[in-house]
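Q: There's a structure below that I have some questions on.
All of the numbers you see were taken from the coordinates with simple rules; none came from a lab. Model, not experiment: these values are computed from the prediction. Every residue, glycine among them, receives a Cβ derived from its backbone with ideal geometry; neighbour counts consider all protein chains shown.
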């Protein structure tokens, strides 16, 4: 679905302030995958995803969406890409602007030139995906709670029915319950639509619980891109980069360092239980 070849981007190119944001990115994301994109602030995550719906033009390299070279295509193709690749920015509720919830969610489908019945159907479906009550449709989005505003903004992108849904830190600033609810809704959306989903996050814990694969960015480069288990086989490397690996992973890395014969590549409680049961069967002692 998404492929890049030697993708690089410079900010302020040719000036004393020139900065390399991403460099030599070569990735392939298949249709229907759920990818967690992880990395520190400044690692290049947001710059990378901004290329996927043509917000940014590569300084060098190529990007293909569904087999189409995005920047060798005509302008109409790039405009269509912005509908096919839906991007939910961090704190998307700041982008709400319409008089009612219905108008905000329907804004994108209207700009696609869809008939009214199709727009209404898409708004209705998007409400179900994000778990909002239809009684809110005639209310001003600015009268809603913070969590409800976030859902309205996400619903507006889901109503486009994009082939690819990209969410940049969709749970940022929410309390634990709100974060789990949003991430659960996105997981259900992926399962029901079979679309490609990219979840950008600082939290390896959120990514490990939701994604099928993980793309790790560090200093503008893609340093890992593999299945969740394969990435966690390099858990110590992730910790070495200072990434926020799950607490359960840190526990088992610590046990390993203390000499206990356990795997350091544990990222779920269930895996942790299995490792501890193995340890107990062996006598539960550290190696000399």
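Q: Can you give the convex hull volume of the alpha carbon atoms of region 246-288 per residue, in Å³?
A: Dividing the Cα hull volume of region 246-288 by its residue count gives 49 Å³.
Q: Relative to the longest principal axis of the C-alpha atoms of the chain, give the angle of the C-alpha long axis of helix 269-281, reported between 0 and 90° and rounded to the nearest 10°.
A: 10 degrees
Q: What is the projected area of the convex hull of the Cα atoms of region 36-173, averaged over all directions, in nm²?
A: 9.2 nm²
Q: Additional query: Taking the Cβ-Cβ separation of residue 277 and residue 180 as r and a Förster radius of 30 Å, what is the calculated FRET efficiency to the nearest 0.05?
A: In this case the efficiency is close to 0.65.
Q: Once R0 is set to 51 Å, what does the formula 1/(1 + (r/R0)^6) return for the Cβ-Cβ distance between residue 212 and residue 117, expressed as a FRET efficiency to the nearest 0.05?
A: 0.90
Q: With axes computed from alpha carbons, what is the tilt in degrees of helix 75-84 against the longest principal axis of the chain, rounded to the nearest 10 within 0 to 90?
A: The helix 75-84 is inclined about 60 degrees to the chain.
Q: Expected output is a single nm value to one decimal: the length gained when fully extending between residue 77 and residue 26, i.e. 0.36 nm times separation in residues minus the C-alpha distance. What is it?
A: Result for the pair: 16.1 nm of gain on full extension.
Q: Pull out the extension gain between residue 138 and residue 221, defined as 0.36 nm times the separation in residues minus the alpha carbon to alpha carbon distance; nm, one decimal.
A: Here the segment from residue 138 to residue 221 would lengthen by 25.4 nm.
Q: A further question follows. For region 246-288, calculate the relative contact order in percent as a whole number, restricting contacts to Cα pairs under 8 Å that are 6 or more residues apart.
A: 40 percent
Q: Treating the angle as unsigned and between 0 and 90°, give the value, to the nearest 10°, between the Cα long axis of helix 146-158 and the longest Cα principal axis of the chain.
A: The helix 146-158 is inclined about 70 degrees to the chain.
Q: Determine, from the Cβ-Cβ distance of residue 172 and residue 237 and an R0 of 22 Å, the FRET efficiency 1/(1 + (r/R0)^6), rounded to the nearest 0.05.
A: Efficiency at R0 = 22 Å is approximately 0.30.
Q: Sort all Cα-Cα distances of region 126-222 into consecutive 5 angstrom bins from zero, then give the percent of pairs in each bin up to the one containing the longest distance.
A: Going from the shortest bin to the longest, the percentages are 2, 12, 24, 24, 18, 12, 5, 2, 1, 0.
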